[in-house]
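Notes for the one structure printed next.
The values are calculated or read from the model by the stated rules, or taken from the named source; none is laboratory data. Since this is a predicted model, take the numbers as computed values, not measurements. No Cβ is skipped: glycine too gets one built from the backbone with ideal geometry, and neighbour counts run over all protein chains shown. In case anyone asks, the SASA skips ligands and DNA or RNA and just uses the protein heavy atoms, side chains included. Shrake-Rupley method; radii C 1.70, N 1.55, O 1.52, S 1.80 Å.
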Amino acid sequence: MALDALPILDLSELDRGEESAAAFRDKLRQVTHDVGFFYLVGHGIPQELIDEVLEVSRRFFDLPEADKLAIENVRSPQFRGYTRTGEELTNGEVDWREQIDIGEERETVEGGPAFHRLEGPNLWPAALPQLETAITEWRERLSSLALRLLRTWAVALGSPENVFDAAFADHPFSLIKIVRYPGKSADIPEQGVGAHRDGGVLTLLLVEPGKGGLQVEHDGAWIDAPSIPGAFVVNIGEMLELATDGYLKATLHRVESPALGTDRISIPFFFNPALDSTVPRLDLPPELKAEARGLSADPTDNPILETYGDNVLRYRLRAHPNVAAIHHADLLSPPTP
């Protein structure tokens, strides 16, 4: 069926009695089976916090270049901190954006699997202490929202509500990106971020009001997904596709660069499990299992890996080759003769 806009789901329906909650669960399951993306309203995140996060994010990008480069990601073995415009790749092509990556605030971990290297501290700009305050609250609020959504999916898919809790509740490995896309497009749209699927479980995306650029693939066509005031764009990632043997769909999406003379701020929150966790394979009811499509391959034909840390480390090494070369050269494949 042709689709020209993403569906809109209202999370507050979960609080209006069991009939309303059941209807919401059915819509959530069907939309993420068919499309993999939707707008979420009624989520309970205060508009005042949304406005504060957008405002302090823009203030970060307005800092002098020296203040941003003081926390450049080449200083972080955990791939945290500031990335200059043009220093990240998707499928080998340059993404035209600058950003700061902020993860869970942790101590570094010595030894063990290679993905343990991703555990560690964030890099915060000394010139803007308000960023850490706002984003720490943002992470806490969105973690609670994302866990509620994940538990709702579990019930909608015929599993116990807490089936995912062991992987997420105690030691999640979530990531926030604060992204600015400088205008680059003239007559022909340019790449802001190339087509990709998210490698984690669940993404909550905030885009500043009045901005477009996000496009979602559906049945071979690209659907525009402009911002809706107060709404998140939600999509699932590869690990939830893995958990459902392809019943739920991790969908290709991309971002076109804004027009010359403009820009765009977006803040994706990636809700992910502990690095050493394996997301449980759900035992779907027969009627859902019959519609499971099996696993798809990403654009570079790499399989989805069972352990989340292996999945995310692969993506980080591929997206930030400069950081990988400095801190993780031993993990890189030798060049082909």
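For trypsin sites (Lys or Arg not before Pro), the sites in region 2-108 that DSSP calls loop and that have at most 14 other Cβ atoms within 10 Å are R16, R106. Here, region 95-177 has an Rg and a Dmax of 15.8, 49 Å when only alpha carbons are counted. Extension gain, I8 to E110: 0.36 nm times the residue separation minus the Cα-Cα distance gives 32.3 nm. Both radii are taken from the alpha-carbon atoms of the chain; with Rh as the Kirkwood radius, Rg/Rh is 0.94.
If R0 is taken as 45 Å, the Cβ-Cβ distance between R148 and A325 corresponds to a FRET efficiency of 0.65. Candidate cross-link partners of K249 among the lysines, defined by an alpha-carbon separation under 20 Å and a same-chain spacing of 8 or more, comprise K27, K289. Distance from the C-alpha centroid of region 12-63 to that of region 160-194: 14 Å, rounded to the whole angstrom.
Computed over protein heavy atoms with a 1.4 Å probe, the carbon and sulfur contribution to the accessible area of region 262-334 reaches 56%. If R0 is 56 Å, the Cβ-Cβ spacing of V41 and A66 corresponds to a FRET efficiency of close to 0.90.
With K and R counted +1 and D and E -1, the other residues having a Cβ less than 14 Å from that of L145 yield a net charge of 0. Computed about the Cα centre, the dipole magnitude for region 1-47 is approximately 100 debye when only Lys and Arg (+1) and Asp and Glu (-1) carry charge, each at its Cβ. The slack in the chain from S296 to L49, taken as 0.36 nm per residue of separation less the alpha-carbon distance, amounts to 85.2 nm. Here the scattering of region 10-126 is modelled by Debye summation over its C-alpha atoms, one equal scatterer each and no solvent; at q = 0.18 Å⁻¹ the log10 of I(q)/I(0) is -1.02.
Summarising the label geometry, the points placed 7 Å from Cα in the beta-carbon direction at K289 and S333 lie 3.6 nm from one another. If you take all other residues with their beta carbon under 10 Å from the beta carbon of T32, and give Lys and Arg +1 and Asp and Glu -1, the sum is +1. Provide the per residue accessible area, probe 1.4 Å, for the chain, rounded to a whole number of square angstrom. Result: 42 Å² of accessible area for each residue. Averaging 1/r over every pair of different alpha carbons in region 89-232 and inverting the result gives a Kirkwood radius of 18.1 Å. Size of region 252-301: Rg and Dmax of its alpha carbons, in Å, are 18.1, 53.
What's the magnitude of the charge dipole for region 60-146 around its Cα centre, counting Lys and Arg as +1 and Asp and Glu as -1 at the beta-carbon? Answer in Debye, nearest 20. With Lys and Arg at +1 and Asp and Glu at -1, about 100 debye.
Long hydrophobic helices in the chain, taken as whole DSSP H segments with a C-alpha length of 20 Å or more on their own axis and mean Kyte-Doolittle hydropathy at least -0.5: 47-61, 130-156.
With the simple spin-label model, which puts each label point 7 Å out from Cα in the Cβ direction, the A21 to I188 separation comes to 5.3 nm.
Proximity of backbone amide H atoms, modeled 1.01 Å from N, is registered between A292 and no other residue at under 5 Å, excluding neighbours fewer than 5 places apart on the same chain. Note on the chain: antiparallel DSSP beta bridges, both residues inside, total approximately 90 percent of the bridges counted. Temperature 37 °C, viscosity 0.692 mPa s: under these conditions the Stokes-Einstein estimate for region 161-281, based on its Kirkwood radius over C-alpha pairs, is 212 µm² per second.
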